[in-house]
Structures are given as C-alpha cells and as structure tokens.
Amino acid sequence: MAFHSKRSFQRGDQVEVSSNMEGFLGSFWRATIVANMGTNYVVEYKDLVEEHDESTLLRETVMANQVRPLPPRIAASRFSDNNKVDAFDRDGWWVGKISGREGSDKYYVFFETTGEEIAYPISQLRFHLDWRNGKWISHKNPSKKRRKMDDE
C-alpha cells in the first residue's frame, strides 16, 4: 500500500509502516523513525525483531510512501457488516472487513489477501483509516462518539 503523504517525518517520530512483502500484504507495523533519508526512511519496528538475534529490534530502510503517522484512536462499541477494519494480530494491524458477529463482543473479519475469516474481540479491532494527502480518510464514518485514546 502506498500513501500519498504531504508530511515529512523526523527522527523519533512514531509511525506505522505498510508491508508489500508476500505474506504481509495489507498489514501495518508500529515503528520509530531512526533517520530521514529524503525519499526513504530508516525505521526501527516496535514489535518485530531481527531473525538472527531476537533480542534486537528490526531496523530497515523503507520507501517514504510506505510510512504514515499513527492513526487516531477511535473508540468503537460496535461494528457493522462490511465495515473496513484493522485487526491486531501477530504484532501488526491487518486490513479486513467485518463479515459477521459472534456474541456481544466478537466479530468475524474477512481478509481478502488470504481468504481467511477469523474472529476477534472488539478490543483487537479498529476502524480502518487511509492516509491521503496529509489527512485521514474514513471508509465508514462511525456514528459512535469519537475520542482520542492513549497509545497501547
């Protein structure tokens, strides 16, 4: 996923990085900017580690259009079928659509990139937002009251 960002990030900024790698398409990973190299950034991931040394956080150079600021936290008390959401799983946020509900606080999410449908508690879901031209764009304007929440 490429972003159309009008924002330049600086060392220390908290961001999310999209991945285009096979098996990771449609995912976002929390990271910190280590260096701004003009058209690229060096990032250090918050939850990903080096393959050869699991005690060292993974650092890599990514294209600027793969980086976006952390999205605002929107409190959600419920989702509707076909809402575009991000599900927190395996240390990253994965884009999917609500495909059903189980009980009062679990929702099924369908992932187009893998064809999987997985149930998640509402605490692991957020409304999906796109970062375009320096603004957050919602696919569904939640009717619930929006409020900024603390970072995880």
### Message
Can you find a residue that is free of Cβ contacts under 8 Å to residues at least 24 places away in the same chain and of a type outside the set (Lys, Arg) anywhere in the range 58-73?
### Response
yes
### Query
If ASN36 passes every condition in (1) of a type in the set (S, T, N, Q); (2) open to solvent by 30 Å² or more (accessible area, probe 1.4 Å); (3) closer than 21 Å to ASP130 by Cβ but one, which one does it miss?
(3)
#### Entry: So ASN20, is it free of Cβ contacts under 8 Å to residues at least 40 places away in the same chain and either open to solvent by 40 Å² or more (accessible area, probe 1.4 Å) or farther than 25 Å from GLU116 by Cα (or both)
no
### Query
Tell me, which residue of the range 123-141 that is in a loop (DSSP other than H, G, I, E, B) and out of contact with any Ser or Thr (no Cβ under 9 Å at 6 or more places or on another chain) is modelled with the lowest pLDDT?
ASN141
### Query
How many residues, within the range 23-47, are among the small types (Gly, Ala, Ser) and closer than 25 Å to THR113 by Cα?
4
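Of everything in the range 51-69 that's of a type in the set (S, T, N, Q) and closer than 30 Å to TRP136 by Cβ, which residue is nearest to the chain's Cα centre (by Cα)?
GLN66
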### Query
Among ARG30, ARG11, ARG59, ARG7, which is within 19 Å of GLN124 (Cα to Cα), basic (Lys, Arg), open to solvent by 30 Å² or more (accessible area, probe 1.4 Å) and touching a strand residue (DSSP E or B) at 6+ places or on another chain (Cβ under 9 Å)?
ARG30
### Query
Is one or more of the residues making up the range 85-92 of a type in the set (D, E, K, R), closer than 15 Å to GLY26 by Cα and at pLDDT 95 or above?
yes
### Query
Does the range 6-31 hold any residues that are in contact with a Gly (Cβ under 8 Å, 6 or more places away or on another chain) and more than 25 Å from VAL85 (Cβ to Cβ), and which are they?
LYS6
### Task
Could you run through the range 81-128 and say how many residues are open to solvent by 10 Å² or more (accessible area, probe 1.4 Å), free of Cβ contacts under 8 Å to residues at least 60 places away in the same chain and under 15 Å from the mean Cα position of the chain (by Cα)?
10
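The values are calculated or read from the model by the stated rules, or taken from the named source; none is laboratory data. Given the structure is predicted, the values throughout are model-derived calculations rather than measurements. A quick note on method: Cβ atoms are made from the backbone with ideal geometry, for glycine too, and the neighbour counts reach across all protein chains shown. Quick note on the areas: whole protein, heavy atoms, side chains included, nothing else; ligands and nucleic acids left out. Shrake-Rupley method; radii C 1.70, N 1.55, O 1.52, S 1.80 Å.
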